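Following: one structure in structure tokens, then a few remarks.
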Amino acid sequence: MSCVKDKKLHIETEVVHGFKGYDPHTGAVSFPIYQSATFRHPGLNETTGYDYSRLQNPTREELENTMACLEKGKHGLAFSSGMAAISTVFTLFTPGQHIIVSDDLYGGTYRICEEIYKRYGIEFSYVDTSKIREVEKALRENTAAIFIETPSNPMMKVADIASISEIAKSKEVMLIVDNTFLTPYFQRPLGLGADIVIHSGTKYLGGHNDTLAGFVIVKDDDLGENLKLIQKSQGAVLAPFDSWLILRGIKTLGIRLEKQQQNAIKVAAWLKEHQQVEKVYYVGDPDHEGYQLSKKQASGFGAMISFTVKSQEVAKQVLDRVQVIMFAESLGGVESLITYPMVQTHAAIPQEIRERIGVNDKLLRLSVGIEAVEDIILDLERALR
Ligand SMILES: *Cc1c(COP(=O)(O)O)cnc(C)c1O
């Protein structure tokens with residue numbers, strides 16, 4: 001079994017079977033954890049294909065190939081975290097180059113741009129990438145890349161991947177998409193014209209809030225080689241055991257996401273009717289600005305909901321009172337989690353940008369899990385009462 005050879009498989013099947021899907025040496029249906037730092041050479045100038053685990057490891061390789069398959073790319077690279085993956089991609093650029101970045105995005109990405117890569121002479125501008133004209137206006141002579149998150153975090157704005165890719169191609173600019181929120185199960189940016197797809201595998205791919213991981217997937221061979229060179233030189237690779245945990249997580253990606261989305265649709269509809277709730281941001285809500293575009297470029301809406309409540313006191317009360325839903329950073333796992341973006345995930349973003357995009361003291365972000373939806377709603381009902 002290999003999803004590269006059989007192009008007709010459904011994504012639900014691909015996630016279960018991965019790339020090789022089993023160990024050809026023993027028939028083990030759970031891909032083995034090759035907990036080895038180095039590999040014995042058969043002789044001088046001979047190799048089994050593996051030399052040292054920073055360069056390549058069989059368990060990591062199975063995961064990397066699985067991710068390349070799922071994203072319909074050619075080269076997959078697994079990293080020790082999503083941030084390690086993002087950092088590796090930024091290492092492709094050189095001093096004097098300019099990158100356009102979504103203004104509403106993961107706080108850690110903003111921080112690595114502003115506090116790390118700016119030091120190396122790379123320029124960044126933050127724009128509302130859900131508006132094509134804003135993206136065009138931000139282009140400069142030295143623009144080398146556009147980095148988008150869609151749906152964006154936490155305001156759930158949807159960027160048109162295919163249209164932005166056309167602009168990028170016409171200017172020979174690279175398009176990078178952080179696909180963490182929808183995963184290849186619902187959205188495959190490479191097919192819409194993106195050059196690089198990034199993931200925090202910590203979220204839906206792992207799915208159990210137990211492992212950090214990151215991915216970069218590309219189609220182009222030269223780009224793949226270049227990224228491999230950076231990966232093996234910098235060494236932020238994913239460990240064999242963690243690779244296995246993510247492989248196991250991916251097997252249930254389909255059923256988890258279907259259930260999480262089903263729950264999210266109901267929770268979003270319920271929140272919209274609640275007196276203490278001001279506004280609900282969920283791309284699966286037909287009233288959401290990006291609803292039609294989401295239907296066009298993705299096969300699902302995911303399970304991330306942001307909402308504002310009537311006052312900061314209500315927001316605090318919700319965080320204090322929830323019991324089934326846990327007050328914790330992160331998202332995408334089987335457990336429902338609620339976060340307070342202003343002080344948690346988005347603390348690194350300056351107040352002026354936060355206010356412009358709407359991350360304020362009344363905004364909460366909910367990652368809907370696989371629990372019984374009645375229990376999630378009852379928990380919110382009690383917390384908002
Ligand atoms: C969590 C997250 C990251 C960072 O990933 P880590 O695995 O925490 O390093 C990047 N982008 C998005 C959209 C995320 O949610």
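Any read-out appearing in this document is the output of simple, stated calculations on the displayed coordinates, not a laboratory observation. Given the structure is predicted, the values throughout are model-derived calculations rather than measurements. Positions of Cβ are backbone-derived with ideal geometry, glycine not excepted, and every protein chain shown enters the neighbour counts.
The ellipsoid that matches the Cα gyration tensor of the stretch 196-305 has semi-axes, each √(5λ) in whole angstrom, of 34, 18, 12, with the longest given first.
Each of Ser36, Gly214, Tyr185 was scored by the projection of its Cα onto the charge dipole of the stretch 11-251, and the greatest displacement toward the positive side belongs to Ser36; charges sit on the C-beta of Lys, Arg, Asp and Glu. What you get for the stretch 11-251, charging only the Cβ of Lys and Arg (+1) and of Asp and Glu (-1), is a dipole of about 200 debye around the Cα centre. Here the stretch 242-385 is assigned +1 on the Cβ of each Lys and Arg and -1 on the Cβ of each Asp and Glu. Its dipole about the Cα centre then comes out at about 240 debye. How many angstrom separate the Cα center of the stretch 122-169 from the Cα center of the stretch 268-286? Each part's Cα centre sits 27 Å from the other's. GNM on the chain, alpha-carbon springs under 10 angstrom: the most fluctuating residue among His41, His17, His199 is His41.
With both bridge residues required to lie in the stretch 141-273, what share of the DSSP beta bridges run antiparallel, to the nearest 5%? Here the antiparallel bridges make up roughly 40 percent for the stretch 141-273. Helix 58-70 axis versus longest C-alpha principal axis of the chain: approximately 60°, rounded to the nearest ten.
Express as a percent, rounded to the nearest 5, the fraction of DSSP beta bridges in the stretch 2-147 (both residues included) that run antiparallel. Please list the in-between numbers first.
On the way: 1 of 10 bridges.
The antiparallel proportion sits near 10 percent.
Exposure proxy for Ile325, Ile112: other Cβ atoms within 10 Å of each Cβ, ordered fewest to most, give Ile112, Ile325.
Note on the stretch 255-384: Rg/Rh from C-alpha atoms, Kirkwood Rh, equals 0.95. Stokes-Einstein, applied to the Kirkwood radius of the stretch 130-252 over Cα pairs at a viscosity of 1.306 mPa s and 10 °C, places its translational diffusion at 102 µm² s⁻¹.
Taking GluC sites (Glu not before Pro) that fall in a DSSP loop and have at most 10 other Cβ atoms within 10 Å as cut points, what is the longest piece of the chain between them? Could you put the intermediate results ahead of the total?
Values: sites that count: Glu46, Glu141, Glu172, Glu273.
Here the longest segment lacking exposed loop sites spans 274-385.
Global dimensions of the stretch 12-97 from alpha-carbon coordinates: Rg and Dmax equal 15.8, 52 Å.
How big is the antiparallel share of DSSP beta bridges in the chain, given as a percent to the nearest 5? Let's see the in-between values first.
Numbers: 24 of 43 bridges.
Roughly 55 percent of the DSSP beta bridges within the chain come out antiparallel.
How do Met326, Met155 line up, fewest other C-beta atoms within 10 Å first?
Listing Met326, Met155 from fewest to most nearby Cβ atoms yields Met326, Met155.
Distant-in-sequence amide contacts of Phe327, defined by a placed amide H-H separation under 5 Å and a gap of 5 or more residues or a different chain, comprise Ile338. In the chain, taking the dipole from charged Cβ atoms about the Cα centre, the farthest positive-side position among Asn153, Ala84, Ala264 is held by Ala264.
Mind pulling up the Rg/Rh value for the chain? Radius of gyration and Kirkwood radius, both on Cα. Mind dumping the intermediate values first?
Values: Rg = 20.8 Å, Rh = 21.4 Å.
The Rg/Rh ratio comes out at 0.97.
Spread over its residues, the convex hull of the C-alpha atoms of the stretch 200-265 is 103 Å³ per residue.
Treating each Cα of the stretch 33-150 as one equal point scatterer and applying the Debye formula with no solvent, the log10 of I(q)/I(0) at q = 0.14, 0.22 Å⁻¹ comes out as -0.75, -1.20. Annotation for Glu46 and Gln344: the two label points, set 7 Å from Cα along the Cα-Cβ direction, are 5.5 nm apart.
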